[in-house]
Amino acid sequence: MPDALTHVLIAYALATALSLRYEWITPRLTTVAMAGAMIPDLAKLGRVISPETVEAVLGVPFSWQPIHTVGGGTLAILVASLVVRPAYRRPVALSLTLGIGSHFVLDMFLIPPAGTFPYLWPLTDAEIALPGLYKSGDGWIVPIGIAVALGVQSVVRRRSLEAESAVRTDG
């Protein structure tokens, strides 16, 4: 699942880069963004636990697919932000939004038909598809994700060392 690793790496890179501008984005919230990048792919649990099995257990109709939509992502953000302390609700919701949003943006570049899905459900059932750059199983996207994450990390580390050096010379 090179695609899943790339989702996590890009969410890490985005959250880490944004932490330069927004001090409230801590390493813990970067981890939350990385977890958020995996939420839409919970729909793949349907390969392991069939919807019929869940229906039998819950006694109500069930489908995994809505998890991989804006509506499903929004619901996950709302639930997750309600289970944390009130002081952390907004930062957690924003971090999850970053992760889930980056997931959807990357998925739009999948080669169709994998890249077509009604992402904007429940707003519309229209399937959005861009021309497509890669397949979900393409291994070459992982080195790109690693390079982006390492590049952002090196910039953040350099800025941190520069700030630390400036404090030492001033004080």
Subject >> Neighbour net charge for Pro40 - beta-carbon separation under 14 angstrom, K R +1, D E -1 >> reply: -2
Original post:
Which order, highest average first, do 2-8, 158-164, 45-51 follow once you tally other Cβ atoms within 10 Å for each residue and take the mean per peptide?
Top reply: 2-8, 45-51, 158-164
Subject >> Loop chymotrypsin sites (Phe, Trp or Tyr not before Pro), region 101-171, which have at most 15 other Cβ atoms in a 10 Å radius of their Cβ (DSSP) >> reply: Phe109, Trp140
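Can you sort Val148, Val84 by 1.4 Å-probe accessible area, starting with the largest? Walk me through the intermediate numbers first.
Values: Val148 65, Val84 40 Å².
The most accessible residue leads, giving Val148, Val84.
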Original post:
Between the helical axis of 141-170 and the dominant principal axis of the chain, each derived from Cα atoms, what acute angle in degrees is found, rounded to the nearest 10?
Top reply: 30
**OP:** Consider the candidate values (i) 16.6, 54; (ii) 27.7, 83; (iii) 18.5, 67; state which one is Rg and Dmax of the Cα atoms in Å computed from the structure displayed.
**Re:** (iii)
Original post:
By how many degrees, 0 to 90 and rounded to 10, does the Cα axis of helix 27-38 deviate from the longest principal axis of the chain?
Top reply: 20
**OP:** First compute the accessible area of the chain with a 1.4 Å probe, then give the percent of it belonging to carbon and sulfur atoms.
**Re:** 68
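Given the -39500 (n - 2.57) contribution per DSSP H run of 4+ residues, what per-residue ellipticity at 222 nm results for the chain, rounded to the nearest 500 deg cm²/dmol? Intermediate results must be reported in sequence, preceding the final value.
Working: 6 runs with 102 residues, N = 171.
One gets -20000 deg cm²/dmol as the mean residue ellipticity at 222 nm.
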**OP:** Count the net charge of all other residues whose Cβ sits under 12 Å from the Cβ of Thr16, scoring Lys and Arg as +1 and Asp and Glu as -1.
**Re:** +3
Subject >> Per-q log10 I(q)/I(0), region 104-171, q = 0.20, 0.25, 0.28 Å⁻¹ (Debye; single scatterer per alpha-carbon; no solvent) >> reply: -0.83, -1.00, -1.09
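Which value, in Å³ per residue, describes the convex hull spanned by the Cα atoms of region 68-140?
Working: hull volume 6.7 nm³, N = 73.
Expressed per residue, the convex hull around the Cα atoms of region 68-140 is 92 Å³.
Do you know the relative contact order of the chain, to the nearest whole percent, from alpha carbon pairs under 8 angstrom that are 6+ apart? Can you show the working numbers first?
Working: 231 pairs, mean separation 51.1, N = 171.
With pairs under 8 Å counted, the relative contact order is 30 percent.
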Subject >> Span from the region 1-38 Cα centroid across to the region 45-114 one, whole angstrom >> reply: 16
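The values are calculated or read from the model by the stated rules, or taken from the named source; none is laboratory data. Everything numeric in this text was worked out from a predicted model, so none of it was measured. Here the Cβ is made from the backbone with ideal geometry for all residues, glycine too, and neighbour counts use every protein chain on show. Note: accessible area is taken over every heavy atom of the protein model, side chains too, but ligands, DNA and RNA are not part of it. Shrake-Rupley method; radii C 1.70, N 1.55, O 1.52, S 1.80 Å.
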